[in-house]
Amino acid sequence: MQDNPFIKNVKNYSIYLLVLGFSFAVISFSILYFGLKINLNTSFVESMVSTIVLMGFTLTLYYPTKYISIEKSSLLKVLISHEVTIIISSILWIVVVYIIMIGVIGFGDDYESFFFNTILWRFLVGIMFYALITSYYYLVTYYTGFQERKLKESELKGLVTEAELKSLKFQINPHFIFNSLNSISALTEIDPVKAKNMILKLADFLRYILATNEREKNKLSEELKNIRLYLDIEKVRFEDKFEFKEKIEPECEKVEIPNMILQPLFENVIKHAVYETLDKVVLTLKCSRQNEFLKISIENDFDESSSPQKGTGVGLKNIYERLKLIYHQDNLLDVRKEKGKFSVTLFIPMEN
């Protein structure tokens, strides 16, 4: 009986048996006493015995619904299987009631004659009861299976989302690594000291990535430490070609943001602004609270007359997809390009 899900919750199943048993006992007693004019004592005893035996059968009637699946079996097989089970269970119920009433309690010949005269009626009651209980079990089994499928689908969607996020993150990290290795390669012959310095900083940067890669979110303060380390690496290559400014409200630093979400934005500035101009580029990071969002803006000036490099668009696309997957909103990224200024703004929902 341990695999019967209906009796795992003892309280709920006890209430179910109590209501079902009381209803059947009242109906049975009413038919015997008021309908068939059987004496009070016999009507009461038989209705109680019949009810108790039937309640015992409710536990076993779960198994026909478990092993005779409507979804997996043909209609003919289901009908034949239940017909056989109905006949067997109804006969067993009648026999057990008879044995208790005649053999155990000791009702006489008058009751025995009455019992056999109502065999057909009892058999029909057994069929109706079987149909009622098995229908109930089928409904509950279907509902339980439906809820389990919904839960599994939800878990599967969560796993898919997690896999997508990891995939997006792994597309971002190698992108930076390849750029850094190219920079180190260019410096190896020109300035070995700077190349060595850049390798050490890159090692620190990768160490941070490995330490935090499994996290979905980090505090903004932690992400900024890594961004500054990244810019130090690029400073070795570009020296004074860019200046970094920060305008960050103190309360922002404790807010958690998606891990490595800012990294590709700074990569884009280096690739599409600093690399393409001879002028000094001012890169500004602003962070403030705006209603229920943490507003993070990265702005840089650029040379409008230069021909921009054609990129794959991986950085901004990945940021958009990650924000959408994590926060279930598609309006958290704003990109603007006007009057020699390029800006990207992220809106991170504040979590209580």
For the residue 127, residue 31 Cβ pair and Förster radius 22 Å, calculated FRET efficiency rounded to 0.05 is 0.90
Taking Cα atoms only, Rg over Rh for region 210-352 with Rh from the Kirkwood formula is 0.95
The simple spin-label model distance between residue 284 and residue 316, using points 7 Å out along Cα→Cβ, in nm, is 2.0
Listed by chain and number, the residues whose amide H is under 5 Å from that of residue 350, excluding neighbours fewer than 5 places away on the same chain and using placed H, are 293, 294
Rounded to a whole %, the carbon-and-sulfur portion of the accessible area of region 211-255 at a 1.4 Å probe is 44
Once all protein chains are kept in place, residue 327 shows an accessible area at probe 1.4 Å, nearest 10 Å², of 30
Straight-line reach check, residue 194, cutoff 16 Å on alpha carbons, 8 or more apart in-chain or any other chain, hits among aspartates and glutamates -> 204, 232, 234, 239, 240
The extension gain from residue 147 to residue 75, computed as 0.36 nm times the residue separation minus the Cα-Cα distance, is 23.4 nm
With every protein chain in place, the accessible area of residue 70 for a 1.4 Å probe, in Å² rounded to the nearest 10, comes to 100
Taking the dipole of region 35-142 about the Cα centre (Lys, Arg +1; Asp, Glu -1; charges at Cβ), the one of 43, 63, 88 that reaches farthest to the positive side is 63
For region 30-146 the mean separation of alpha carbon contacts under 8 Å (6+ apart) over residue count, i.e. relative contact order in percent, is 32
Checked against a 29 Å limit on the C-alpha separation, the offending pairs among 196/254; 254/339; 219/245; 247/271; 241/324 are 196/254; 254/339; 241/324
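The values are calculated or read from the model by the stated rules, or taken from the named source; none is laboratory data. Everything numeric here is computed off the predicted structure, so don't read it as measured data. In this analysis, Cβ positions are derived from the backbone assuming ideal geometry, glycine residues included, and neighbour counts consider all displayed protein chains. In case anyone asks, the SASA skips ligands and DNA or RNA and just uses the protein heavy atoms, side chains included. Shrake-Rupley method; radii C 1.70, N 1.55, O 1.52, S 1.80 Å.
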